[in-house]
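The values are calculated or read from the model by the stated rules, or taken from the named source; none is laboratory data. Small disclaimer: the values here were computed from a predicted structure and weren't measured. We place every Cβ from the backbone using ideal geometry, glycine too, and count neighbours over all the protein chains shown.
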Amino acid sequence: MRYASRNLWSGLLFGLGVVAFLDETLFHQLLNWHHFYDKSTTSIGLISDGLFHAFSWFATIGGLFMFADLRRRNAWRLKRWWSGVLVGAGAFQLYDGTIQHKLMRIHQIRYVDHVIIYDIIWNGLALMVLAAGLLMLKQTNREASYDS
């Protein structure tokens, strides 16, 4: 499959961008649980949210431009693309939940006494989405090798 990696990258960017967008919209803006960077003033938190939001849109739009090119070339492969979406979404969420929340401590999911419950749900969902994407990716790798 000549465009296998481009299908994967388009999905990865789109999945990462959409999950980052949902995180920013739901947890930062609507629920107001945290900002992207909570170790300073509210103004700095809002600026960091804006930059994070811009990043998520650049990733989403980049993935969609690649998607449109694949469609134009009749090279879009649904399963391969969705494997990328799931891997991108799960990897971003797991990175956010482990590196940003726990290692760097730039923000928590929610500032409550029993944050571990939120951590388990957040990271558990990330692992499930990532595992589903990796399983689908493995299947599409096998299918691509049969097509060659």
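For region 4-59, which positions are among the aromatic types (Phe, Trp, Tyr), modelled with pLDDT of 90 or more and either buried (at least 21 other Cβ atoms within 10 Å of the Cβ) or more than 19 Å from residue 91 (Cβ to Cβ) (or both)?
Passing the criteria: only 14.
Selection over region 110-143 of residues that are part of a helix (DSSP H, G or I) and of a type in the set (D, E, K, R) gives a count of 4.
Given the criterion farther than 30 Å from residue 143 by Cβ, part of a loop (DSSP other than H, G, I, E, B) and aromatic (Phe, Trp, Tyr), identify the matching residue among 27, 36, 52. Talk me through it step by step, then tell me what you get.
Numbers: 27 fails: part of a loop (DSSP other than H, G, I, E, B); 52 fails: part of a loop (DSSP other than H, G, I, E, B).
Only one candidate qualifies: 36.
Checked against (1) at positive phi; (2) in a helix (DSSP H, G or I), residue 74 meets all criteria but (2).
State all residues of region 121-148 that are modelled with pLDDT of 95 or more and either among the small types (Gly, Ala, Ser) or out of contact with any helix residue (DSSP H, G or I) (no Cβ under 9 Å at 6 or more places or on another chain) (or both); if no residue qualifies, say none. Result: 124, 126, 131, 132, 133. Somewhere in region 106-118, is a residue closer than 30 Å to residue 4 by Cα and of a type in the set (A, V, I, L, M, F, W, C)? No, because not a single residue in region 106-118 is closer than 30 Å to residue 4 by Cα and of a type in the set (A, V, I, L, M, F, W, C). Right, residue 131: surrounded by 12 or more Cβ atoms within 10 Å (Cβ to Cβ), more than 20 Å from residue 17 (Cβ to Cβ) and under 16 Å from the mean Cα position of the chain (by Cα) or not? When the stated conditions are applied, residue 131 passes them.
Can you work out which of the residues in region 81-117 that are aromatic (Phe, Trp, Tyr) and at pLDDT 90 or above is farthest from residue 69 (Cα to Cα)? For region 81-117, the residue satisfying everything is 95.
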